[in-house]
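The values are calculated or read from the model by the stated rules, or taken from the named source; none is laboratory data. Worth saying up front: this structure is predicted, and the values here are computed from it rather than measured. Neighbour counts are summed over all protein chains in view; Cβ atoms, including those assigned to glycine, are modelled from backbone coordinates with ideal geometry. These area figures cover heavy atoms from the full protein model, side chains too; ligands, DNA and RNA do not enter into them. Shrake-Rupley method; radii C 1.70, N 1.55, O 1.52, S 1.80 Å.
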Amino acid sequence: MKLSDCVSVLADPKSRRTCFYSLFPTAALLCVVFFLGSAFIATDYKEKLSRWDLADSMHSGCTKCENSSRQEVADSMQNTNSTKCENQCSPDGSEALPRGIVSKTSNLGMRPLWGFPKEKLKSSVNLFTVAVGIKQKELVHKMVKKFLSSDFVVMLFHYDGNVDGWKDLDWNNHVIHVSAINQTKWWFAKRFLHPDIVAEYSYIFLWDEDLGVDNFNPKRYVSVVEDEGLEISQPGLDSTKSEVHHLITVRGRRSFVHRRAYKPPGSGQGCDDNSTAPPCTGWIEVMAPVFSKAAWRCVWYMIQNDLIHGWGLDMQLGYCAQGDRTKNVGVVDSEFIVHHGLPTLGRSDEKNKTSLSTYSHTPETKNTTGLEAKATSKPNAMNFRYEVRRQSYIELEMFKQRWEKAVEEDECWTDPTKTVKIRSYRSFGVTHVLGCRNCRRRS
């Protein structure tokens, strides 16, 4: 039946069914053609989208990488396979180098001036540093011998400039010497112990020179802090021979480690099992601190470049404990030391009056105000130790003010000791607050 005949008979009800049956094969064929065509067009469209996505990916290049520049993005378009850049983030400044040549960290191990050792040099896993003056040569000698025999890298910070005075000791050529007149261990640490330089060391010891180590074994000490999970620690003090400033630092005779002090309330703050803040718990003194690698990365950032005495750091070290400071900060009782409390830095005598005067604060006060101006008066030639102590107190107040200001201004920071709504990033030694919007990325 022709189509025209079908149309003409649509008026006849008896003929409608016959007409519809004749149109069905034609309609079905048209539907098949339509679906096949749609599938072909969709496939072609997807392929185009895929190519567009690839081009866009090549255009964006390593945008996921930190510190990528626009020039890097343009250069990455030349790559035929954009996935080669994925997750290959380079340290800042190394973008122009092939990835395999980038050396991200270093260490303090010494190398021969020519040739290569027949045997692979033994790699030390811990670092001992101490600020020294020639007057405490005997005490330092005992310390260095113990740490070298325990396979530590040893670094001496000479604050009196006398490096030659140590040449008669058999270990002199096996340690690293850094000299700067009248500088503190915190000044040295900020400039020579950057976290990337000491990244290969599990523990960093940053000690004063006036310590007795007759009852101290470095290897056993490290074993204890590892077993106890202490990120920040110090050896206990022998109270019968030491100058003791805080009760928590006194060695306990019935334990390997203690994390809190007990003191009845009276003249001052009391300490008990309910105490959660320094100096009752989560606290050490800074004459002989020991830091894990992760804790040191955090502490280094907290050290102020211009506040060289480090006063005030002790109360805030717990923030770098990689978690609960009441658990991760402690005093090791099984390996203890003697704190002689010798006031050597800034001590004047006839031989060093000139050098002390040269490197002490000048009377210029043009650009200083408040606390800083108080520290600029010229000290009495015979009273340098007093001036050092006065400067320490001034820096303590300055550090407190900076901390308070930083807490007030950083809307993305939440005190982890006062809230549990935090996520700790151990590798960076920082805290990121959950739910904080528009916060800068911290590294």
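For region 67-90, the criterion of being open to solvent by 100 Å² or more (accessible area, probe 1.4 Å), at pLDDT 60 or above, at negative phi and of a type outside the set (A, V, I, L, M) is met by at least one residue.
Answer yes if at least one residue in region 146-168 is among the aromatic types (Phe, Trp, Tyr), buried (at least 18 other Cβ atoms within 10 Å of the Cβ), over 26 Å from the mean Cα position of the chain (by Cα) and assigned to a helix (DSSP H, G or I), and no otherwise. Yes; the residues of region 146-168 include at least one that is among the aromatic types (Phe, Trp, Tyr), buried (at least 18 other Cβ atoms within 10 Å of the Cβ), over 26 Å from the mean Cα position of the chain (by Cα) and assigned to a helix (DSSP H, G or I). Within region 163-181, is even one residue of a type in the set (Gly, Ala, Ser) and within 19 Å of Leu193 (Cβ to Cβ)? Within region 163-181, one or more residues are of a type in the set (Gly, Ala, Ser) and within 19 Å of Leu193 (Cβ to Cβ). Tell me, which residue of region 391-415 that is in contact with a helix residue (DSSP H, G or I) (Cβ under 8 Å, 6 or more places away or on another chain) and at pLDDT below 95 is most open to solvent (accessible area, probe 1.4 Å)? Out of the qualifying residues, it is Trp413. Taking first residues from region 174-196 that are more than 17 Å from Lys293 (Cα to Cα) and partners that are charged (D, E, K, R) and open to solvent by less than 40 Å² (accessible area, probe 1.4 Å), no Cβ contact under 8 Å between residues at least 6 apart in sequence or on separate chains turns up.
When region 224-268 is filtered for residues that are part of a strand (DSSP E or B), surrounded by 13 or more Cβ atoms within 10 Å (Cβ to Cβ) and out of contact with any helix residue (DSSP H, G or I) (no Cβ under 6 Å at 6 or more places or on another chain), the ones remaining, listed by number, are Gln234, Pro235, Gly236, Val250, His258, Arg260. Entry remark, region 170-223: residues being open to solvent by less than 30 Å² (accessible area, probe 1.4 Å) and not in a helix (DSSP H, G or I) number 21 in total.
Note on region 269-296: among residues that are modelled with pLDDT of 90 or more and open to solvent by 60 Å² or more (accessible area, probe 1.4 Å), the one that is nearest to the chain's Cα centre (by Cα) is Lys293.
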